[in-house]
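Here's the structure, in structure tokens; my notes come after.
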Amino acid sequence: MDLIFLGTSAGTPTRARNVSATALLAAQGKHWCLVDCGEGTQQQVLRSPLSLSDLDAIFITHVHGDHCFGLPGLLGSAGMAGRTRPLRLVGPAALGPWLRLTLEMSHSWLPFALEFEAVEGLSACAVGEWQVSTAELSHRVPSWAYVFTERHPEPRLNLERLAEEGIPRGPLWGELAHGREVLWQGRALRAADYWQAGRAAQRVVICGDNDRPELLAQACLSAQVLVHEATYTQAVLTAGKQAYGHSSALQVARFAAEAGLPNLVLTHFSPRFQAQPGRGPAIDEIAAEAASVYSGQLHLAQDLAHYHLGRDGRLLRRAPQA
Ligand SMILES: [Zn+2]
């Protein structure tokens, strides 16, 4: 499982950071899911190894523009590149009519089916190798986290079950191992019924804007990675007196420590935080604040940074590809 950050700035882009978008890549193959799609996300995709034709689904966490204004352009470009495979879009119900109207008004015709599902009331869905569930957050507008859990981690044939049911070893097993349904003695055998996990499922929680990290306690059970906004440091938040529905690095890191999360990725930084300390506060202050209470693997996301979650449960940054 890999993550590529396509946008890590809060509210407005900066020269180094675009607005919110996070790609989650499958362990096998090129398929990926996108969480949030701020303006300019399609350009970030062009700078990454990702392709819009391999995109399986888009999940939008909430209706603020820095999380969804990139949708019409990205969808139009996917169409112009010849995509015909249906694309799933999950997000707040209000997104549906806005997007339809925008595409209609601009005479944008998509040569693929856009399968929209409202996140309100969605309990879980399966996308590619993931089971995706949701957790409701706290923000100025309704906001959600998406919880991605591997459905079949390193699937192996369940030899005990095959033997118990007397299914003869041979080509039948091969078909099941390849995920194909087979007919045997008048019974249809579903491959997934004869698979078992080769290791524990990986779980990644990718959040929308949120000022109460503790709402994620349930969603983070047995998760290896939490991706959460840290718009401010506690010092900036306290000085400003208003959080605007956002979290400080301290709040999120404290939650991650209490929840025993092995990996924490902070993102969605207020543009006031500078890479080089100068007129504004430094981004390093966010890192220092989080590290003061959290001793797991901590990353501050950067645009186009690529992370890999290994079998050992550690999320590490991949060296940029030449
Ligand atoms: Zn935001």
Count of the stretch 195-239 residues which are within 16 Å of the ligand (Cβ to nearest atom) and free of Cβ contacts under 8 Å to residues at least 12 places away in the same chain:
1
Restricting attention to the stretch 202-254, which residues are basic (Lys, Arg) and modelled with pLDDT under 90?
Lys241
If Leu264 satisfies all but one of (1) under 19 Å from Arg317 (Cβ atoms); (2) assigned to a helix (DSSP H, G or I), what's the number of the condition it fails?
(2)
For the stretch 247-260, check the following and say yes or no: at least one residue is in contact with a His (Cβ under 8 Å, 6 or more places away or on another chain), within 16 Å of the ligand (Cβ to nearest atom), assigned by TED's automatic domain parsing to the domain that holds Pro13 and closer than 17 Å to Asp209 by Cα.
yes
Could you check the stretch 234-292 and list, in sequence order, the residues that are of a type in the set (Val, Ile, Thr) and surrounded by 15 or more Cβ atoms within 10 Å (Cβ to Cβ)?
Val236, Val252, Val265, Thr267, Ile283, Ile286
Note on Arg85: of the conditions (1) within 27 Å of Glu120 (Cβ to Cβ); (2) away from the ligand (no atom under 16 Å from the Cβ); (3) in contact with a strand residue (DSSP E or B) (Cβ under 8 Å, 6 or more places away or on another chain), unmet is (3)
Going through the stretch 274-311 one residue at a time, which ones are modelled with pLDDT of 90 or more and part of a loop (DSSP other than H, G, I, E, B)?
Ser292, Val293, Tyr294, Ser295, Gly296, Ala301, Gln302, Asp303, Leu304, Ala305, Gly310
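The rows are residues; the columns are (1) aliphatic (A, V, I, L, M); (2) outside the structural domain of Cys37 (by TED's automatic domain parsing).
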{"position": "Glu164", "(1), (2)": "no, yes"}
{"position": "Arg169", "(1), (2)": "no, yes"}
{"position": "Ala188", "(1), (2)": "yes, yes"}
{"position": "Ala201", "(1), (2)": "yes, no"}
{"position": "Glu214", "(1), (2)": "no, no"}
{"position": "Glu229", "(1), (2)": "no, no"}
{"position": "Gly240", "(1), (2)": "no, no"}
Step by step: first the residues of the stretch 39-64, then only those that are touching a helix residue (DSSP H, G or I) at 6+ places or on another chain (Cβ under 7 Å) and assigned to a helix (DSSP H, G or I), then the one that is farthest from Gly91 (Cα to Cα). Which residue is that?
Val45
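So that you can scan it fast, the table gives a plain yes or no per residue for (1) touching a residue at least 40 places away in the same chain (Cβ under 8 Å); (2) within 14 Å of the ligand (Cβ to nearest atom); (3) in a loop (DSSP other than H, G, I, E, B); (4) hydrophobic (A, V, I, L, M, F, W, C):
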residue	(1), (2), (3), (4)
Leu24	yes, no, no, yes
Cys37	no, yes, yes, yes
Asp66	yes, yes, no, no
Leu89	no, no, no, yes
Gly96	no, no, no, no
Thr102	no, no, no, no
Let me spell it out: the conditions are (1) more than 23 Å from Met80 (Cβ to Cβ); (2) of a type outside the set (Val, Ile, Thr); (3) away from the ligand (no atom under 12 Å from the Cβ); (4) surrounded by fewer than 24 Cβ atoms within 10 Å (Cβ to Cβ), and Trp32 meets all of them except one. Which number is the exception?
(1)
Would you point out which residue out of Leu99, Leu103, Leu55 is of a type in the set (A, V, I, L, M, F, W, C), within 14 Å of the chain's Cα centre (by Cα) and on the phi < 0 side of the Ramachandran plot?
Leu55
Restricting to the stretch 109-131, name every residue that is of a type in the set (D, E, K, R) and either within 26 Å of Ala27 (Cα to Cα) or touching a strand residue (DSSP E or B) at 6+ places or on another chain (Cβ under 8 Å) (or both).
Glu115, Glu117, Glu129
Evaluate the following for Thr41: is it within 16 Å of the ligand (Cβ to nearest atom), assigned by TED's automatic domain parsing to the domain that holds Val141, in contact with a Leu (Cβ under 6 Å, 6 or more places away or on another chain) and on the phi < 0 side of the Ramachandran plot?
yes
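The values are calculated or read from the model by the stated rules, or taken from the named source; none is laboratory data. Everything numeric here is computed off the predicted structure, so don't read it as measured data. Note that each Cβ is placed from the backbone with ideal geometry, even for glycine, and that neighbours are counted across all protein chains shown.
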